[in-house]
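The values are calculated or read from the model by the stated rules, or taken from the named source; none is laboratory data. From a predicted model like this one, the values you see are computed outputs, not experimental measurements. Virtual Cβ from ideal backbone geometry, glycine too; neighbours counted across all protein chains shown.
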Amino acid sequence: MKKNLVFILIGILSALTVFVAYRKSPPFFQHLDNKLKDSRFLMRGAVKPAAKVVVVAIDNKSIAELGRWPWSRDKLALLVKNLADYGVKVTALDIVFSEPENGKADAAFAAGLSAAGNVVMGYFFREEEQKNSAAALEQLTNAKVKLLKIDSDVTSVPLNEYKYLTANIPQLGSNARDFGFFNQFPDSDGVFRKSPLLLLYDGDIYPSLALKALRYNYGSDVMLNLAVFGVKTLAVGRNLLPVNEHGELTLNYYGPTGSFRTVSAVDVIRKKLAPDSLKDCIAFVGATEIGIYDVRNTPFDPALPGVEIHATVASNSLDNRFIIRDGRTAGIEMAAILLLPVVLALLLSFCPGTFAGLLVFLGTGCAFIAADYLLFSRYLLDITIFYPLMALSLSQLSSEAYRNLIVERKGRSLKKAFSSYVSPDLV
């Protein structure tokens, strides 16, 4: 009984040590945890995204047939107009047009945007100073979040803030349906695991390109509730998006490049698609040709086209396939960190030796990994992997150290003492 209590105490100390690390979440530990979580996507494999989300690609085929990018804007006028003719519900451009081309081409593109009537144009925030005309900035005033509820104790908006942006020229922007930013930010290891849906500029909050596309797909405004800790809720009509306090959505990736239904921009411009092939879709227009260098490192693919991140956000919402990280997942994580090492230590106290203890440790660890993967693949619960495994490892190492340094050493001492008086078999 005394030995069992010592093992249990070792398990408790191991659990408390790792729990403190879990609460502090050092960057190096978080980096390891993120890498382990990435492996769950590879284990799960590719899944099918929402059928109503389509990528209109400025791809190798389009560049080979229409010439190098950027194209003349009279071609883009045909692109957005033809997408509307195909019945696309929303066209979102992962492109910014910050400088004029020429009078004729710009006028043609402006006319195409006006005729389409469903185009959300892109822009991006930046750290470096950027001069924009008053008219270019004025066109963004209607793009900000209007339905905003702020709790009484909020004194500042806890969102990432920018001082400058690159906007579209007024001649084009005045004919767009709306605007959304297309900034994306990687984690410290360069992998894009989250997408910002809200950013702060000049005292107002602005939605992303994907969020604006969802706004017009659902036909409802963006509604935001801010608490003192950050974003409390974010919704488009009745459709809730489970963002974190910084307004970032954890991305549930569908697979590597090409997982979304993709059509070449040249086929849209030349109207080579079936008449109803794009009806009621959300079309994200962007570059997929690697030479244009709009690529992002993701758990599935080190060179995913950036436009597919916007498509992932939209598809996660349409499918309601959000990765869940909330009070439920935090409770499961803390229970795993605090209980598993104690259970393991108790089991180790009954093991006859180190080898048996190692088998018990491996079995417990594999059981946890299997449970974590099941919760992710079946219920989309985002449970930490690293910290429970760290707690189990510390419990196992500490228990075996106690066994070898104290218990087995005492046994060897007794054996040596008695072997002087009786036979080895009796000892």
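Among the residues of the stretch 295-344, those that are over 21 Å from Ala210 (Cα atoms) and without any contact (Cβ under 8 Å) to a residue 12 or more places away in the chain comprise Pro302, Gly327, Ala330, Gly331, Ala335. What about Thr312, is it outside any loop (DSSP other than H, G, I, E, B), crowded, with 17+ Cβ neighbours inside 10 Å, out of contact with any Gly (no Cβ under 7 Å at 6 or more places or on another chain) and not acidic (Asp, Glu)? Yes; evaluated as a whole, the condition is true for this residue.
Starting from residues that are of a type outside the set (Gly, Ala, Ser) and surrounded by 11 or more Cβ atoms within 10 Å (Cβ to Cβ), keep the ones in the stretch 397-408 and report whichever is modelled with the lowest pLDDT.
Glu408
Within the bounds of the stretch 42-60, is there any residue that is of a type outside the set (Val, Ile, Thr), buried (at least 19 other Cβ atoms within 10 Å of the Cβ) and part of a helix (DSSP H, G or I)? No, because not a single residue in the stretch 42-60 is of a type outside the set (Val, Ile, Thr), buried (at least 19 other Cβ atoms within 10 Å of the Cβ) and part of a helix (DSSP H, G or I). Within the stretch 151-166, restricting attention to residues that are within 26 Å of the chain's Cα centre (by Cα) and among the hydrophobic types (A, V, I, L, M, F, W, C), the residue that is nearest to Ala116 (Cα to Cα) is Leu165. The set of residues in the stretch 212-236 being assigned to a loop (DSSP other than H, G, I, E, B) and in contact (Cβ under 8 Å) with a residue 24 or more places away in the chain consists of Asp221, Val228, Phe229. Does Gly190 satisfy the condition of being of a type outside the set (A, V, I, L, M, F, W, C), more than 22 Å from Gly230 (Cβ to Cβ) and without any contact (Cβ under 8 Å) to a residue 24 or more places away in the chain? It is false that Gly190 is of a type outside the set (A, V, I, L, M, F, W, C), more than 22 Å from Gly230 (Cβ to Cβ) and without any contact (Cβ under 8 Å) to a residue 24 or more places away in the chain.
Does any residue of the stretch 188-211 turn out to be assigned to a loop (DSSP other than H, G, I, E, B), touching a Phe, Trp or Tyr at 6+ places or on another chain (Cβ under 9 Å) and of a type in the set (A, V, I, L, M)? Within the stretch 188-211 (the criterion being assigned to a loop (DSSP other than H, G, I, E, B), touching a Phe, Trp or Tyr at 6+ places or on another chain (Cβ under 9 Å) and of a type in the set (A, V, I, L, M)), the answer is no, since none of the residues qualifies. Quick check on the stretch 195-213: of everything there that is of a type in the set (D, E, K, R) and surrounded by fewer than 20 Cβ atoms within 10 Å (Cβ to Cβ), which residue is modelled with the lowest pLDDT? The residue in question is Asp202.
Results for (1) at pLDDT below 95; (2) on the phi > 0 side of the Ramachandran plot; (3) not polar (S, T, N, Q), shown as yes or no for each residue.
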site: Asp372; (1), (2), (3): no, no, yes
site: Ala391; (1), (2), (3): no, no, yes
site: Ser413; (1), (2), (3): yes, no, no
site: Val422; (1), (2), (3): yes, no, yes
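Applying the condition of being of a type outside the set (Val, Ile, Thr), buried (at least 24 other Cβ atoms within 10 Å of the Cβ) and in contact with a Pro (Cβ under 8 Å, 6 or more places away or on another chain) to the stretch 281-309 and asking which residue is nearest to Asp187 (Cα to Cα) yields Leu304. Return yes when Leu172 is at pLDDT 90 or above, more than 22 Å from Val80 (Cα to Cα) and outside any loop (DSSP other than H, G, I, E, B) and no when it is not. Criteria not met by Leu172.
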